[in-house]
Every structure is written in C-alpha cells, then in structure tokens.
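Here the structure comes first, spelled out in structure tokens, and everything after it is commentary.
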Amino acid sequence: MTDSNTVQSRLSALGITLPPLPAKGGNYVPFKIVGNMLYLSGVVSLDANGFITGTAGVDSDVEKGYAAARACALTQLAVIQSALGSLDRVAEVVSVNGYVNAAPNFPDAPAIINGASDLFVEVLGEAGRHVRAAIGLGALPRNALVEVQMTVRIKEA
Amino acid sequence: MTDSNTVQSRLSALGITLPPLPAKGGNYVPFKIVGNMLYLSGVVSLDANGFITGTAGVDSDVEKGYAAARACALTQLAVIQSALGSLDRVAEVVSVNGYVNAAPNFPDAPAIINGASDLFVEVLGEAGRHVRAAIGLGALPRNALVEVQMTVRIKEA
Amino acid sequence: MTDSNTVQSRLSALGITLPPLPAKGGNYVPFKIVGNMLYLSGVVSLDANGFITGTAGVDSDVEKGYAAARACALTQLAVIQSALGSLDRVAEVVSVNGYVNAAPNFPDAPAIINGASDLFVEVLGEAGRHVRAAIGLGALPRNALVEVQMTVRIKEA
C-alpha cells in the first residue's frame, strides 16, 4: 500500500481524528507561509468539551497539563493540514514554544509541554523532532491551561 | 496621485504621526535584516507622556491595554520605517508576539493585543495580517503594560 | 597567527572555558539547522554547582540574574559549537528571547538579560549583536532564575 507511510495512515493507526480548526480569537490569521517555512499562531488547549482551563500547581497538575499540551498539538496538526493540504508536506517541525498557565515557581513546564512534543514525534517520526522552550506564566487566553506556538518547514514541491 | 496607495498617505489619512524611535534599554539592536526577513526587538508601551504602565486586571483593563498595544505597534512601525527607509517596503507582517502585564488568570490578553493587530491591518491592509501569540505574564520591563515583538517580510528589491 | 581572530582565541583571552552541553529535559532537540539559520532550544541557568535558581525581586536580584543570564549564554555557545563544529561559523546572533523568573511587577528583566547580550558581544564582537525581548514571568523549568532561547545565522560555506 503506497499510503502506508503517510501521516494520515499513521494517525489512523494511532486512532487519532484531528479536531476542528480553532475559532478566531482576534484580528490575526492561523498561519502564514514564507518560502518553505510555515508560521503558526498560538493555539490554546481545548477538546470536544471546550477549553481545557486551569493553573498547574493550583487546580491542575502535570498529568492534566500533558493532556492539554497534546490537545494543542492536535489542533496545530489540524491547522497544518488545512494550510498545506496534507500533513505529508511537513518536512519537519522546527520550533515549539509552549506556555503553561502555572503557579509561581511551578517547576515542571517541560513535563507538560512533552504532551505536545511526544505527539509530534509519535505522528511524524523524526520529522516531528524540534527545538523548544517551555515556560510557565500567569495568564493565558480564556484561562487555558496550555498554549502552543510553532513553526514548520515545508517540503520542497 | 501615484502616492495615494503608499503607507505614508494612509497614515496621513488616518491622522497618525509615527512616534520617536525607542530609547535603548540594553545591549541589543532594534532590528536585524536576514535575507528578506526583518526581525524586531520587543518594544514596550509608551506614548508622549512616557511609559504606559500597569497590570491588566489589577489597576488596568482591556481598554487601556488595547491603547497600550496600539502604542507598541506605532513604535514598531517607526522602527520598521527607520530600518527599511519606507513602510512601502513591507511585504507583510509575519508574526506578532504580544505580552501583557496581567494579574494571574487574566483571560483577555488577546483582546488587548488586538490593539496592535488592528493597527497593522488598518495601516498596511492585507499585508498587515499576521500570525500571533498573546500571553499574560507578571513582569514586563519598566512595569510596561504591553510589549510587542514581531517579524516582517521585506519586498524583493 | 592566523587564529588570532578566531572565537576560540577570544574565549581563551577572556579566560572562558565553555561549559558542558545541557542535559536533555524533554522530548526535543537542542538545535536545528534550516538553511543558514540555527534554531536553539531554550536553556536554563546552570553552572558547575547546578541549576541557578531563584526569583528576581524575591530571593534574587539583578546582579545574580545577570550572572545567571551569562551562564545561559555560555551554555548556548557550547551548544552552537557542538552544532556547527566551530564558533567561527557564526555569521551573527539574530535573536535572543530572555525569560526571567521574577516577582510580579519586577521591572528590570532587561538589566538581567544584558548578562547574555553582553557576553555575546564580548565573545563575538559585532556579530554578537542581536534583537531581543526580555520578559519576567512566574515559573521557569526547575525553578531556574533565567532561560535564554535564540537563533543564529550561519556563515555561508
């Protein structure tokens, strides 16, 4: 089967259905393509039940944060697919900036953002590996628990 | 009139005069050009009366924050003009990272950063549309209410 | 001596020995090269005694923060050297994003991040000058006092 290597078949094998595109939250666009780089707006954590809110170290923790970061990554994959037509056009994930709504001195933002990083590698293999910064701060949009901003390199046509 | 489409004439029509360039705040440069990309340092909110300070959700709000973000955007336009000689050389705003000095769990950073996003679209039209992340945090330089960091694509010569 | 202009000889003249590469903190890579750009993961402040922790404005200050930012910059130079084989392949530092673990309304993140900016200029000269954003927030990985994320332009072969 020629499509056995495609990202879509890997998503199917993993039992993953991509979520809907995020609603607009301001006067900006979800993605821009400049040369072979795809720039993506930050997306906040949400799933079929709505926004995943909370503050790590207060009313949330690493486990919930990991799931929230994974949800952000799935939304970004949906945006990437809409931008490129197919996830097979991803050459590599270049960078991920992960923001965690966290109590002062919460030390485990990296363990939370792994929820996004792990998903990219699970779905895209080596092409999913990226540089990253994971930081904790006090006030994400809509009280979201996690926000993920990223860039992707696009395969040459 | 050939200049009826220029950014300067649009600024004039909008009654906007660009502010002075920001004072240096550390050992860095206001912009760098790499190929067709213009990278800009973060600028904090200030106007003719000095720094626009405050904390959204404590002693400030969305309306003041929106004005502060707009002030940041005007300062960035002044930096872009100084970097490129003319705002007509802007091909597009690529990305905007907006930082809001905010109380814990303040949910409306996007509504504040719209003050910058709206200004870019107002002045540059479609070329002003960009990807974005808007986050709230606790400690901006000089107690500024907003900081805006961005990148721009430059028109080919 | 032909190597009198090399970065290594400047490091030696300054009495600087680069620190070890940072330990992995999550499912990501320390650097990626895309065309002539080198993207680097954020690194947190650590020295031979371990992580440099603390909160500026609570149990730390500008002087300790400056030293922590300088430590981040040294670690990034070690990563850049491992990525490129030699620091002489650095065409220029393009951007630095500096994150400071800070008390609410701590105003001096720029004075702290100067510890990184000054080091880059000290070691790389004009090529070390960069655009920058310096922000204070509540929760860095492992309670680090400072984190530095950056990009570098690589000399053409």
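Of everything listed in (1) touching a Pro at 6+ places or on another chain (Cβ under 9 Å); (2) open to solvent by less than 30 Å² (accessible area, probe 1.4 Å); (3) under 20 Å from C:ILE16 (Cα atoms), the single unmet condition for C:ALA134 is (3). Could you grab me the full set of residues in region C:137-157 that are open to solvent by 20 Å² or more (accessible area, probe 1.4 Å), in contact with a strand residue (DSSP E or B) (Cβ under 7 Å, 6 or more places away or on another chain) and more than 14 Å from chain A (Cβ to nearest Cβ)? Across region C:137-157, the qualifying residues are C:ARG153, C:LYS155. When residues in region B:27-42 are screened for being within 16 Å of the chain's Cα centre (by Cα) and open to solvent by 40 Å² or more (accessible area, probe 1.4 Å), 2 of them pass. Restricting A:ASN49, A:ASN97 to residues that are free of Cβ contacts under 8 Å to residues at least 24 places away in the same chain and either open to solvent by less than 10 Å² (accessible area, probe 1.4 Å) or among the polar types (S, T, N, Q) (or both) narrows the list to A:ASN49. For region A:101-121, check the following and say yes or no: at least one residue is open to solvent by 20 Å² or more (accessible area, probe 1.4 Å), in contact (Cβ under 8 Å) with a residue 60 or more places away in the chain and within 14 Å of chain C (Cβ to nearest Cβ). Among the residues of region A:101-121, not one is open to solvent by 20 Å² or more (accessible area, probe 1.4 Å), in contact (Cβ under 8 Å) with a residue 60 or more places away in the chain and within 14 Å of chain C (Cβ to nearest Cβ), which makes the answer no. Just one residue in the set C:ASP59, C:ASP88 is out of contact with any helix residue (DSSP H, G or I) (no Cβ under 7 Å at 6 or more places or on another chain) and surrounded by fewer than 23 Cβ atoms within 10 Å (Cβ to Cβ); that residue is C:ASP59. Residues of region B:122-131 that are surrounded by 20 or more Cβ atoms within 10 Å (Cβ to Cβ) and not β-branched (Val, Ile, Thr): B:LEU124, B:GLY128, B:HIS130. List the number of the failed condition for C:GLY136; all other conditions in (1) outside any strand (DSSP E or B); (2) within 19 Å of B:VAL44 (Cβ to Cβ) hold. Single failed check for C:GLY136: (1). Out of the residues in region C:66-82 meeting the condition of being within 13 Å of another protein chain (Cβ to nearest Cβ) and open to solvent by less than 20 Å² (accessible area, probe 1.4 Å), tell me which one is nearest to the chain's Cα centre (by Cα). Residue satisfying both the conditions and the ranking: C:ALA73. Can we say B:VAL123 is closer than 25 Å to B:GLY35 by Cβ and in contact with a Ser or Thr (Cβ under 6 Å, 6 or more places away or on another chain)? So B:VAL123 does not fit the description; no.
If you check B:GLY42 against the conditions, is it in contact (Cβ under 8 Å) with a residue 24 or more places away in the chain and farther than 27 Å from A:THR151 by Cα? No; evaluated as a whole, the condition is false for this residue.
The values are calculated or read from the model by the stated rules, or taken from the named source; none is laboratory data. Treat the numbers as computed from the prediction; the structure is a model and nothing was measured. So basically every Cβ, Gly included, is an ideal-geometry build from the backbone, and we count neighbours across all protein chains shown. Accessible surface areas use protein heavy atoms only, side chains included; no ligands, DNA or RNA. Shrake-Rupley method; radii C 1.70, N 1.55, O 1.52, S 1.80 Å.
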